[in-house]
Amino acid sequence: MDHHKRSDPRLTPPGRGAGERAALILVLMISLICGAVAAGMLWSTGVEADRELAAHRHQVRATTTGPAKEPSAAARYGSTPRAVAPAVWEQPDHVRRSGTVPVPPRTPQGRTVTIWVDDTGAPARPPGSAADRALTAGAGGSVATACAGAIGAGVLVLVRRRTEARRLAVWEQEWEQVEPVWSGRLRRGSAPGTDDD
C-alpha cells in the first residue's frame, strides 16, 4: 500500500469548519435574543415605574420671587443647564408653598413657570418620558447582548482549544506510527533485515 497517497482526515490537523461557523451563528442569535429580552424587560419595568410615579406627580404653576441663579459647573455637566430660583406655588389641594425650583437660565423675578410637585407639594422630578425609557432599554439590551456574546465566544474558544488539543494529540500518535513507514526509516525496536509489516 502506498502510504504517500493515503489520505486519512484524522491525520490532518483540523481547520475551521462549518461546525464552528454554525456555533458562532448560534452564539450571535442567543446574544441577540438575550439583548431583546433584557430590553423588553427594562422597557416594561420603566413603563410600570413611570406609571406609578405619574400617579404621585402633579404639574403646577409657580411664580418666581427672585431672579434665577445660574447652576454650578457640576450641575451643568452632562445635562441641560438649569438654573434655580425662589418661587411660590399652590399645591393641588390649594395650600400655598414656597421654595427653590428649577427654571430656565436668566429667568427674571415675577415669571410664571410650570413645575412638577409630589403629593406633599414639594418640587419633584417629572415622570420619565418614552425617550428616556427607550434609551435605558436600548442601553441595557446592548449591554446584555455584548455580555452574552462575550461569554458565548469565550466558551467557543475554550471548546475549540480543547478539541484542537485532543485532535492534535491523536494526530501526533498516529503520525508516530505512520512516519517511520512513510519516510522509510526503521521503527523503534526494529533490527536491520527484519520486516515489521
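The values are calculated or read from the model by the stated rules, or taken from the named source; none is laboratory data. Note that the structure is predicted; figures quoted are calculated from it, not measured. Using ideal geometry, Cβ is built from the backbone for each residue, glycine included, and neighbour counts are taken over all protein chains shown. These area figures cover heavy atoms from the full protein model, side chains too; ligands, DNA and RNA do not enter into them. Shrake-Rupley method; radii C 1.70, N 1.55, O 1.52, S 1.80 Å.
Brief remarks on what is shown
- Amide H contacts of Val101: Ala85, Ala87, each under 5 Å away and 5 or more positions distant or on a separate chain (H built 1.01 Å from N in the peptide plane; Pro and chain starts excluded).
- For region 22-63, backbone nitrogen atoms closer than 17 Å to the point 7 Å from Glu90 Cα along Cα-to-C-beta are found at 58-63.
- Kirkwood Rh, Cα atoms: Rg over Rh of region 89-142: 1.14
- Full extension of the chain between Leu32 and Arg111 yields a length gain of 23.4 nm, computed as 0.36 nm times the residue separation minus the alpha carbon distance.
- Two-site label geometry, Ala124 and Leu158: point separation in nm, points 7 Å out along Cα→Cβ: 4.7
- For region 136-165 versus region 34-56, the gap between their alpha-carbon centres in whole angstrom: 26
- Region 18-70 - percent of accessible surface contributed by carbon and sulfur, probe 1.4 Å: 71
- Rg and Dmax of region 42-164, Cα atoms only, in Å: 22.6, 77
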